[in-house]
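Take a look at the structure set out below.
The values are calculated or read from the model by the stated rules, or taken from the named source; none is laboratory data. Quantities reported herein were computed from a predicted structural model and do not represent experimental measurements. All Cβ positions, even for glycine, are placed from backbone atoms using ideal geometry, and neighbour counts span all protein chains on display.
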Amino acid sequence: MKCIEDEIPFEVPEGWAWCRLLPLTIKIGAGSTPTGGAAVYSTSGIKFIRSQNVYDDGLVLTDVAYISEEINQKKSGSIVKPKDILLNITGGSIGRCALVPDDFDIANVNQHVIIIRLVNPELRKYLHDVITSLYIQEQILSRQVGSGRGGLSAETLSTFLIPLPPMNEQVSIIKKLQDCISYTLTIADAQRSVSDLVSATKSKILDLAIRGKLVPPDPNDEPASVLLERIRAEKEELIKQGKIKRDKKESIIFRGDDNSYYEKVGNNVNCIDEKIPFELPEGWAFIRLNTAWELISGRDLSPSEYNDKMMEFHILQVQAILEMGILA
């Protein structure tokens, strides 16, 4: 008899017991890849379950491989049965664990999946919760052996200590856990709905803002055209001082006497009415993003910078509009 006091990780309630996984099982073992590997897989036959088919919330068989009945019989020691527990024991998905449904027919597994078959299948839902808990998952990750994909051996797994409550309490724990998970998912769905609503509302507010409909206009405000002219004058002075170079492709958008919008680039003037997305309030002005950045920063955007700065400038403008709306 050996004292294992130093192995017991935490105290359990009255009526519970600690036990190794092995005494609860009639089978703990992994499969193997058949000779020939993927070349012997077929499009029908016996399902061949791999680690990509095993998830905590169940088996995903959309991309399952198949093997022949002949190969399945040669691998009779790793045939999957209803009510088994399957556990990934290697690679990036190590620790993922699935319950095999009660009405499952038959399958086989490769060497990356281990079969846990219990003496009393009624324990399997509780044991699945234990295996997927942080308590066991930390042990799985810390007790891998080998290089490359690493792995958890059946022998090591069989020694894991399981906190075992009375059967009725197991049922209560499973129900309570399901209720908590359901409640958590409900909260998550509500948060997503609120997030979607906030996003849609924000988009609508921004649309109103850029159309001049978020705050009432103030006739005493300086028109945007005057602001642009002042900035251009300041830029002209910097050009004269040799601090920046003149951009021959600078865009100037203005409204003509016929109320149409025109754009002047160098010596070329073109009507751009078909490009104007909506009417602006009195005192507003349209400007190209590239020109706006040039006016603000004192230099032109290179082609490689344009896309990056487009998003940056948009964010800055949105923030300014929102702040203006809040303060108004």
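State yes or no: is GLU14 among the acidic types (Asp, Glu) and in contact with a Leu (Cβ under 8 Å, 6 or more places away or on another chain)?
Values: among the acidic types (Asp, Glu): yes; in contact with a Leu (Cβ under 8 Å, 6 or more places away or on another chain): no.
Spelling it out, it is not the case that GLU14 is among the acidic types (Asp, Glu) and in contact with a Leu (Cβ under 8 Å, 6 or more places away or on another chain).
How many of the residues making up region 19-54 are exposed (fewer than 14 other Cβ atoms within 10 Å of the Cβ) and hydrophobic (A, V, I, L, M, F, W, C)?
Counting residues in region 19-54 that are exposed (fewer than 14 other Cβ atoms within 10 Å of the Cβ) and hydrophobic (A, V, I, L, M, F, W, C) gives 4.
For (1) closer than 18 Å to ASP57 by Cα; (2) surrounded by fewer than 17 Cβ atoms within 10 Å (Cβ to Cβ); (3) in contact with a helix residue (DSSP H, G or I) (Cβ under 7 Å, 6 or more places away or on another chain), each residue gets a yes or a no:
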{"position": "ILE115", "(1), (2), (3)": "yes, no, yes"}
{"position": "LEU123", "(1), (2), (3)": "yes, no, yes"}
{"position": "GLN139", "(1), (2), (3)": "no, no, no"}
{"position": "GLU169", "(1), (2), (3)": "no, yes, no"}
{"position": "ILE174", "(1), (2), (3)": "yes, yes, yes"}
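Being over 30 Å from GLY92 (Cα atoms), within 27 Å of the chain's Cα centre (by Cα) and loosely packed, with under 14 Cβ neighbours inside 10 Å narrows it down to one of LYS213, LYS202, so name that one. Give the steps one after another, and end with the answer.
Numbers: LYS213 fails: within 27 Å of the chain's Cα centre (by Cα).
Sole residue among the options that is over 30 Å from GLY92 (Cα atoms), within 27 Å of the chain's Cα centre (by Cα) and loosely packed, with under 14 Cβ neighbours inside 10 Å: LYS202.
Name the residues in region 263-278 that are part of a loop (DSSP other than H, G, I, E, B) and either without any contact (Cβ under 8 Å) to a residue 12 or more places away in the chain or in contact with a helix residue (DSSP H, G or I) (Cβ under 7 Å, 6 or more places away or on another chain) (or both), would you? Let's see the steps before the verdict.
Restricting attention to region 263-278, the residues satisfying the condition of being part of a loop (DSSP other than H, G, I, E, B) are 266-267, 272, 276-278.
Selection gives ASN267, PRO277.
Is one or more of the residues making up region 156-167 out of contact with any helix residue (DSSP H, G or I) (no Cβ under 6 Å at 6 or more places or on another chain), within 25 Å of LYS47 (Cβ to Cβ) and either buried (at least 16 other Cβ atoms within 10 Å of the Cβ) or not hydrophobic (A, V, I, L, M, F, W, C) (or both)?
yes
Return yes when GLU11 is in contact (Cβ under 8 Å) with a residue 24 or more places away in the chain and surrounded by fewer than 18 Cβ atoms within 10 Å (Cβ to Cβ) and no when it is not.
Against the criterion (in contact (Cβ under 8 Å) with a residue 24 or more places away in the chain and surrounded by fewer than 18 Cβ atoms within 10 Å (Cβ to Cβ)), GLU11 does not qualify.
Of all residues in region 247-263, how many are surrounded by 10 or more Cβ atoms within 10 Å (Cβ to Cβ) and over 46 Å from the mean Cα position of the chain (by Cα)?
Within region 247-263, residues that are surrounded by 10 or more Cβ atoms within 10 Å (Cβ to Cβ) and over 46 Å from the mean Cα position of the chain (by Cα) number 3.
Could you say whether any residue in region 101-108 is under 29 Å from the mean Cα position of the chain (by Cα) and not charged (D, E, K, R)?
For region 101-108, residues under 29 Å from the mean Cα position of the chain (by Cα) and not charged (D, E, K, R): present.
Got a number for residues in region 201-237 being in a helix (DSSP H, G or I) and free of Cβ contacts under 8 Å to residues at least 60 places away in the same chain?
Selection size over region 201-237: 14.
For region 13-45, give me each residue that is more than 20 Å from ASN88 (Cβ to Cβ), at pLDDT 90 or above and among the β-branched types (Val, Ile, Thr).
Those that are more than 20 Å from ASN88 (Cβ to Cβ), at pLDDT 90 or above and among the β-branched types (Val, Ile, Thr): ILE26, VAL40.
Can you pull out every residue in region 148-180 that is among the hydrophobic types (A, V, I, L, M, F, W, C) and within 27 Å of HIS112 (Cβ to Cβ)? Reasoning before the result, please.
Applying the first criterion (among the hydrophobic types (A, V, I, L, M, F, W, C)) to region 148-180 yields 152, 154, 157, 160-162, 164, 167, 171, 173-174, 177, 180.
Those that are among the hydrophobic types (A, V, I, L, M, F, W, C) and within 27 Å of HIS112 (Cβ to Cβ): LEU152, ALA154, LEU157, PHE160, LEU161, ILE162.
Checking ILE244 against (1) in contact with a Leu (Cβ under 7 Å, 6 or more places away or on another chain); (2) aliphatic (A, V, I, L, M); (3) closer than 30 Å to PRO277 by Cα, which single condition isn't satisfied?
For ILE244, the failing item is (3).
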